[in-house]
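Single-structure report; data block below.
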Amino acid sequence: MNLRPLATYFLITLSALAFVLLSPVGAQASAPQVAVGGQEGQSEDMSGTPEAQILREVLQTSVAHEDFARKARVDFFPAPDGNTFMLLVFEVDQEGLTFAPAPPPPVQETPAEGEAAAPPAVTGDVASLKAYGAVTTQGPEGQLQIVHQFMSPFTIPDGGGYESFSDTHSVGMTIVPGTYSLTWGIIEAGTNLANVTTEVIEVPDYTTGELKMTSVFVSAASEPQSDPYRPSNVYSGVRMGNIVFFDDVDRLVPRDSMIEVIYVIMGTQQDPTTLKPKLEIDYRILLDDPEAEEELSVARFPTQTLETFSVGQPMPLSQIQNLEAGKSYILEIQAKDMVTEQQLLKRIPFSLLPEEEG
């Protein structure tokens, strides 16, 4: 099996991400903290709105508000100046939402030379939603303090996604490493049906020198984007800088697809002879069966030696004979820094679409 690193490809993505996060639009991690319900915050004033009332109730009671179902995960990657880029990746259950014809798009002027063209207009029936929330911590007197807040409208098309859930969407933001409460969710415009939850999150610090692996994408495809990336906007797919990765929130992929496994290993040391990192990477695929008495290894890949900390690894699933459509698996990544002898192990669950859906 021909496995090759796509480090250059992903490094370009990280460079683009670093650029937007250093811009004034993205520089939000060091924003002054304000009390919840205070006079001024980082986003538009929501006080008195249904979404603000639901958010306050969840913040105060720690009880989720769930009028409809939602799937979500939180991903982390390094950002400039010791910050961390946090991605909220989610899908919304479409049952019970209100779909109506998409409004006509505003008239767009022809972009000037060098400017990005406007994204294509949405057509057909859509549900109008907002993703919003707050990252909070305890203030010196015990009151909640907002570190970051966001609210971004978006739409989902009728009939998209898998089964009753929408396609995967994402919203990203920069955060200073630390322990926080993340209270966020989705609200439907007009009906005020909402799903808002709260949880404690540990935002990792990738500058400690310890060998650490970022979150891992299992992407069935990827596409470059021409429009400038804006943190706190909701995007279709998993958007990193100027690239969208089609990484389903459940990591559900077709049986015979060519997936890309994308991640970064931080804390590597330079090999004194090459002045580059030197990593040894091993991949295994295991059957995800909690009732099995012992682990069943389905496939093992040749050990790779890399001179980069950023990895984009293609995996042609069609060449792995023992995989079965409709079953769940675990991708195991074992990495060793050959300079320091530090090691780490990460396991990522993924599933294959049933045969008729592939």
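Tabulated data
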| quantity | calculated |
| --- | --- |
| Unmet requirement for Pro204, which otherwise passes all of (1) free of Cβ contacts under 8 Å to residues at least 40 places away in the same chain; (2) more than 25 Å from Tyr162 (Cα to Cα) | (1) |
| Tally of residues being surrounded by 18 or more Cβ atoms within 10 Å (Cβ to Cβ) and of a type outside the set (Lys, Arg) across region 263-282 | 9 |
| Residue count for region 233-244, restricted to those that are surrounded by fewer than 21 Cβ atoms within 10 Å (Cβ to Cβ) and in a loop (DSSP other than H, G, I, E, B) | 2 |
| Cβ-Cβ under 8 Å pairs, at least 6 apart or on other chains, region 289-311 side within 18 Å of Met338 (Cβ to Cβ), far side of a type in the set (Gly, Ala, Ser) and surrounded by 16 or more Cβ atoms within 10 Å (Cβ to Cβ) | Leu306/Ala7; Thr308/Ala7; Ser310/Ala7; Val311/Ala7 |
| Lone qualifier among Glu210, Glu260, Glu293, Glu223 - being surrounded by fewer than 16 Cβ atoms within 10 Å (Cβ to Cβ) and not in a loop (DSSP other than H, G, I, E, B) | Glu223 |
| Of the criteria (1) polar (S, T, N, Q); (2) surrounded by 15 or more Cβ atoms within 10 Å (Cβ to Cβ); (3) modelled with pLDDT of 95 or more, which one Gln313 fails | (3) |
| Region 307-346: number of residues that are more than 20 Å from Ala292 (Cα to Cα), outside any loop (DSSP other than H, G, I, E, B) and of a type in the set (Val, Ile, Thr) | 2 |
| Lone qualifier among Asp45, Asp81, Asp67 - being at pLDDT 50 or above, surrounded by fewer than 15 Cβ atoms within 10 Å (Cβ to Cβ), over 21 Å from Val203 (Cα atoms) and more than 19 Å from the chain's Cα centre (by Cα) | Asp45 |
| Tally, over region 263-290, of residues that are assigned to a strand (DSSP E or B) and acidic (Asp, Glu) | 3 |
| Residue satisfying all of: in region 196-207; hydroxyl-bearing (Ser, Thr, Tyr) and outside any strand (DSSP E or B); farthest from Val171 (Cα to Cα) among these | Thr207 |
| Filtered residue count, region 159-186, keeping only those that are touching a helix residue (DSSP H, G or I) at 6+ places or on another chain (Cβ under 8 Å), aliphatic (A, V, I, L, M) and crowded, with 24+ Cβ neighbours inside 10 Å | 0 |
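Here is a yes/no grid of residues against (1) in contact with a His (Cβ under 7 Å, 6 or more places away or on another chain); (2) within 24 Å of Val89 (Cβ to Cβ); (3) at pLDDT 95 or above:
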| residue | (1), (2), (3) |
| --- | --- |
| Phe245 | no, yes, no |
| Gln270 | no, no, no |
| Thr273 | no, no, no |
| Gln304 | no, no, no |
| Ser328 | no, yes, yes |
| Leu344 | no, yes, yes |
| Leu353 | no, yes, no |
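The values are calculated or read from the model by the stated rules, or taken from the named source; none is laboratory data. Quick caveat: nothing in here was measured; it's all calculated off a predicted structure. Please note: Cβ atoms are built from the backbone with ideal geometry, for glycine as well, and neighbour counts cover all protein chains shown.
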